[in-house]
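Here the structure is laid out as structure tokens; the discussion comes afterwards.
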Amino acid sequence: MKQLETRLVDWIGKLNHESIETELIHGALSLKMNDYQNAILKSFRSAFYKRIPETERERLLQEAAELGVDQFVQSEFERTNRLKSYGPLNALAVLRVFYRKIVELQREFSQQKEVIRKLFAELKEIDMKARELTKQGRSDDLFNIQTNILALQNKTKELIDLALEDDQDYMFNIHSLFLNGETIKRDDLLQVITLKKKGKYWDGVHFEKFSEQYASIPEEIDLETFENLIFIEKIEHPDDCYLCDIFMDHMFKMMDQYEEETGTKAINPFELLEQITGKPLQTYTADFDEYGDVVSLTPNKPTLKLISTNKAVQEDH
């Protein structure tokens, strides 16, 4: 009993230390992320305002005045006028640099949270030992320990749930490069991506050298061509595909937004797999303990569809 109390006290000391450390790291990384986000947004604003013809600027300022943001728009015109040149290539180059930095920040914070997860696993060991002693009839002595453990579970879960989220959807910024039918040059795009070489993806599927695709890419790329190159043809190297990552992040954000607004999922992955395979997919319902560990898996009944083989019945329908 004394040994268990000592172990819990030592654990609390480690949690308090890592809790302070985690919150300090989260604060520092959040400030850095904010700076990186602002650098990206400023870059795309520069590309947007720089491409507006002089004949359109007066109209834009009038519209901005109606919204009460004409001073901001005017300052952006003045700032971009001081730039000798600035276009999509610059914006994508800045996005590439700072998006990588943001991903690195998230990776750094994930490493810190891994320390918290390990502490959570240690708490579970202490909890299991306390429950074992309780079964031996020593519940009166262990009541305070178990009460403390419950509070510590909640505190640790809050730290685990603490996220360093990038709430920006950079696909909207990319879309701004293609407003009003604007295009970007093929060779500009190729300067800001890492091209794939002959090799294979993580699942073993081989891909050809990009040089074999180059001739088929138009010199001027519109939005549809851009999305096809990045998301369908995947011309980026699989180990360095920031534009595809941004596209995927955009898709997930849109799916989450759709579910929040409608209460239904935009895509049911299980139904999609069943459509692809043509077979019912076996799924399971998982039960978890207080520590997020799976304690049981219950097979779900597959959804079966009745398919008539009677030609007459089919013709009637």
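The values are calculated or read from the model by the stated rules, or taken from the named source; none is laboratory data. In this text the structure is predicted, and so the values were computed from the model without any measurement. Neighbour counts are summed over all protein chains in view; Cβ atoms, including those assigned to glycine, are modelled from backbone coordinates with ideal geometry. Each accessible area value is taken on the protein alone, full model and side chains, heavy atoms only, with ligands, DNA and RNA left out. Shrake-Rupley method; radii C 1.70, N 1.55, O 1.52, S 1.80 Å.
Conditions tested, residue by residue: (1) of a type in the set (A, V, I, L, M, F, W, C); (2) at pLDDT 70 or above; (3) open to solvent by less than 50 Å² (accessible area, probe 1.4 Å).
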| site | (1), (2), (3) |
| --- | --- |
| MET171 | yes, yes, yes |
| ILE184 | yes, yes, yes |
| ASP188 | no, yes, yes |
| ILE193 | yes, yes, yes |
| LYS200 | no, no, no |
| VAL205 | yes, no, no |
| SER211 | no, no, no |
For this session: Look at GLU104 and say whether it is modelled with pLDDT under 90 and under 21 Å from the mean Cα position of the chain (by Cα).
Result: no
Exercise. Within the set of pairs 6+ apart or on separate chains, which have a first residue in region 97-126 that is under 17 Å from GLU165 (Cβ atoms), a second that is polar (S, T, N, Q) and assigned to a helix (DSSP H, G or I), and C-beta atoms under 6 Å apart?
Worked result: GLN112/THR22
Exercise. Restricted to region 107-127, and to residues that are open to solvent by 80 Å² or more (accessible area, probe 1.4 Å) and of a type outside the set (Asp, Glu), which residue is nearest to the chain's Cα centre (by Cα)?
Worked result: ARG107
For this session: Look through region 272-316, keep the residues that are at pLDDT below 75 and hydroxyl-bearing (Ser, Thr, Tyr), and return whichever of them is nearest to ASP127 (Cα to Cα).
Result: THR303
Problem set entry | Candidate set from region 21-51 (those that are without any contact (Cβ under 8 Å) to a residue 24 or more places away in the chain and of a type in the set (A, V, I, L, M, F, W, C)); member that is nearest to ILE102 (Cα to Cα) | LEU31
Exercise. Which of the residues belonging to region 253-268 are closer than 22 Å to PHE178 by Cα and open to solvent by less than 60 Å² (accessible area, probe 1.4 Å)?
Worked result: LYS253
Problem set entry | Listing of helices (runs of 4 or more DSSP H) fully contained in region 1-89 that carry 1 or more residues being of a type in the set (A, V, I, L, M) and open to solvent by 70 Å² or more (accessible area, probe 1.4 Å) | 2-50, 54-67
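Take the residues in region 231-243 that are assigned to a helix (DSSP H, G or I) and over 19 Å from ASP187 (Cβ atoms), then tell me which one is farthest from the chain's Cα centre (by Cα).
Step one: list which residues in region 231-243 are assigned to a helix (DSSP H, G or I), which gives 231-232, 242-243.
In the following step, the residues that additionally are over 19 Å from ASP187 (Cβ atoms) were identified as 231-232.
Numbers: PHE231: 16, ILE232: 19 Å.
The extreme case among them is ILE232.
Yes or no, residue by residue, for (1) more than 30 Å from ARG100 (Cβ to Cβ); (2) assigned to a helix (DSSP H, G or I); (3) modelled with pLDDT of 80 or more; (4) of a type in the set (Asp, Glu):
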residue: GLU224; (1), (2), (3), (4): no, yes, yes, yes
residue: LEU229; (1), (2), (3), (4): no, yes, yes, no
residue: ASP245; (1), (2), (3), (4): no, yes, yes, yes
residue: GLN257; (1), (2), (3), (4): no, yes, yes, no
residue: THR264; (1), (2), (3), (4): yes, no, yes, no
residue: PHE270; (1), (2), (3), (4): yes, yes, no, no
For this session: Could you please find all residues in region 144-183 being aliphatic (A, V, I, L, M), out of contact with any strand residue (DSSP E or B) (no Cβ under 9 Å at 6 or more places or on another chain) and not in a helix (DSSP H, G or I)?
Result: LEU162, ALA163, LEU164
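Being surrounded by 15 or more Cβ atoms within 10 Å (Cβ to Cβ), in contact with a Lys or Arg (Cβ under 8 Å, 6 or more places away or on another chain) and over 30 Å from LEU119 (Cβ atoms) narrows it down to one residue among HIS237, HIS250; which is it?
Answer to the selection: HIS237.
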